[in-house]
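Just below is one structure, and these are the notes that go with it.
The values are calculated or read from the model by the stated rules, or taken from the named source; none is laboratory data. Everything quoted here is computed from the prediction, not taken from an experiment. Every residue, glycine among them, receives a Cβ derived from its backbone with ideal geometry; neighbour counts consider all protein chains shown.
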Amino acid sequence: MIAVTVTSVAPFLDKMENRVAIIEKYLAGYNCFDIDQMLSDCHEEVVFENISGNEVNMSISGLPALRSQAEQAKNYFSTRNQKATSYKHEADRTEVQIDYYAVAAMDFPNGLRKGDELRLQGKSIFRFAEGKIVRITDLS
């Protein structure tokens, strides 16, 4: 029988708790339109991808480009909220199940109109290196 001590598990648990804190900070910044807070723990070379229906419909590389996109996106919704409902940790990544709610602040080409509510469920995968977010993949 192999014995597992608390000291051998503690660093793993600390790393997972740190990841959750970083992700929660990112989501809180997103929800209150605070781009500085949202991106504060992102690596300078962060990559963001949005995948819908197995198709990449947005890919952004680098913190300045992600910041620019996030600033533009602030105008799309008057209210927005991403809520983490579960976390799954792996070696260098954390998968987060997300409940998403938003109210459109403008009319969109896809038929969504100003004032319409949007409710979605999806997941985001956050990859980490050096204590920073290096990749975010949103799947819906």
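Figure legend. Inter-residue proximity from segment 74-90: first residues part of a strand (DSSP E or B), second residues loosely packed, with under 15 Cβ neighbours inside 10 Å and among the polar types (S, T, N, Q), beta-carbon distance below 9 Å, spacing 6+ or different chains. Indicated pairs: A84/Q97; T85/Q97; T85/Q121; S86/Q97; Y87/Q97; K88/Q97. Close contacts from segment 32-53, counting a first residue that is crowded, with 16+ Cβ neighbours inside 10 Å and a second that is in a loop (DSSP other than H, G, I, E, B), with Cβ to Cβ under 6 Å and a gap of 6+ residues or different chains, come to F33/K74.
Report yes if some residue within segment 95-105 is under 16 Å from I23 (Cα atoms), of a type in the set (V, I, T) and either surrounded by 15 or more Cβ atoms within 10 Å (Cβ to Cβ) or modelled with pLDDT under 95 (or both); otherwise report no. Yes: segment 95-105 contains one or more residues that are under 16 Å from I23 (Cα atoms), of a type in the set (V, I, T) and either surrounded by 15 or more Cβ atoms within 10 Å (Cβ to Cβ) or modelled with pLDDT under 95 (or both).
None of L63, L139, L112, L118 is in contact with a Gly (Cβ under 6 Å, 6 or more places away or on another chain) and either surrounded by 12 or more Cβ atoms within 10 Å (Cβ to Cβ) or not small (G, A, S) (or both) except L139. Among the residues of segment 121-133, those that are more than 15 Å from K15 (Cβ to Cβ) and either β-branched (V, I, T) or exposed (fewer than 15 other Cβ atoms within 10 Å of the Cβ) (or both) comprise Q121, I125.
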